[in-house]
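What follows is a single structure, written as structure tokens, with notes after it.
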Amino acid sequence: GAGVSQSPSNKVTEKGKDVELRCDPISGHTALYWYRQSLGQGLEFLIYFQGNSAPDKSGLPSDRFSAERTGGSVSTLTIQRTQQEDSAVYLCASSFYNQPQHFGDGTRLSIL
Amino acid sequence: KQEVTQIPAALSVPEGENLVLNCSFTDSAIYNLQWFRQDPGKGLTSLLLIQSSQREQTSGRLNASLDKSSGRSTLYIAASQPGDSATYLCAVVGGAGNMLTFGGGTRLMVKP
């Protein structure tokens, strides 16, 4: 497809487990962003990749969160030792440099 | 730190009404402002983007204005329809990178 693809669409896991969320950006887009949408905090920026530059990790809430982007395309957001407060919808977006961002449908993460 | 506020948080109107959604931001040093629409369980769809040098943008029944000096934007929806029911999010880009800072959204319901 032509849009941003995220998988899985839903993930339920037990507290303490690690999870990996995947994002396939639009082909040719140079920038990739992760955001988190939760009931209490609204929509928050997590991390930003632009080309081969070092990522901007300023929005990551704790060191349990990490992300990588391989080959300048697919990105994986990893949450280690999940906690209940990590329950949220994780949204990925991509853009061509500083052009408008295109969003995926998100991964709904539920921590039991 | 940039803060974005949207008023009202929720709005219910009968079909056919014209309506205005409000967005305010605390730091006027922005590059652009975007209005998004989010349907339940879906990602964000960009509606309008206003560059910092612009005053307004129009698309169909939607018109967005920007007053950067006062830190305000409005989204005007003409002749509302039930299909307009969704959450509308305002977001600004400012500073290094292209990260979006979001408001809390306005949940709109248009009744037939």
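Computed from the coordinates by the stated procedures, all read-outs in this text should not be read as laboratory data. Note that the structure is predicted; figures quoted are calculated from it, not measured. FYI the Cβ positions are ideal-geometry reconstructions off the backbone, even for glycines, and counts take in every protein chain you see.
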* Name the residues in segment A:77-105 that are within 10 Å of chain B (Cβ to nearest Cβ) and surrounded by 14 or more Cβ atoms within 10 Å (Cβ to Cβ), would you? -> A:Val89, A:Leu91, A:Cys92, A:Ala93, A:Ser95, A:Asn98, A:Pro100, A:Gln101, A:His102, A:Phe103, A:Gly104, A:Asp105
* To do: Report, by residue number, each residue of segment A:45-76 that is buried (at least 18 other Cβ atoms within 10 Å of the Cβ) and of a type in the set (D, E, K, R).
  => A:Asp56, A:Arg69
* Could you identify the single residue in B:Leu49, B:Leu21 that is surrounded by 15 or more Cβ atoms within 10 Å (Cβ to Cβ) and within 18 Å of B:Val110 (Cβ to Cβ)? => B:Leu21
* segment B:39-63 residues that are under 20 Å from A:Leu91 (Cα atoms), paired with ones that are surrounded by fewer than 14 Cβ atoms within 10 Å (Cβ to Cβ) (beta carbon under 7 Å, 6 or more apart) -> B:Leu47/B:Ser59; B:Leu48/B:Ser59
* Structure fact -> In segment B:38-86, residues that are assigned to a strand (DSSP E or B), at the interface with chain A (Cβ under 10 Å from one of its Cβ atoms) and closer than 20 Å to A:Gly42 by Cα total 4
* Structure fact -> In segment A:29-44, residues that are in a strand (DSSP E or B), hydroxyl-bearing (Ser, Thr, Tyr) and surrounded by 16 or more Cβ atoms within 10 Å (Cβ to Cβ) total 2
* To do: Of all residues in segment B:87-112, count the ones that are in a strand (DSSP E or B), of a type in the set (A, V, I, L, M, F, W, C) and within 14 Å of chain A (Cβ to nearest Cβ).
  => 7
* Among the residues listed as B:Ala29, B:Ala9, the single one being hydrophobic (A, V, I, L, M, F, W, C), over 14 Å from the mean Cα position of the chain (by Cα) and either farther than 29 Å from A:Ser9 by Cβ or within 14 Å of chain A (Cβ to nearest Cβ) (or both) -> B:Ala29
* Would you mention how many residues in segment A:49-98 are part of a helix (DSSP H, G or I), within 16 Å of A:Ser38 (Cα to Cα) and not acidic (Asp, Glu)? => 1
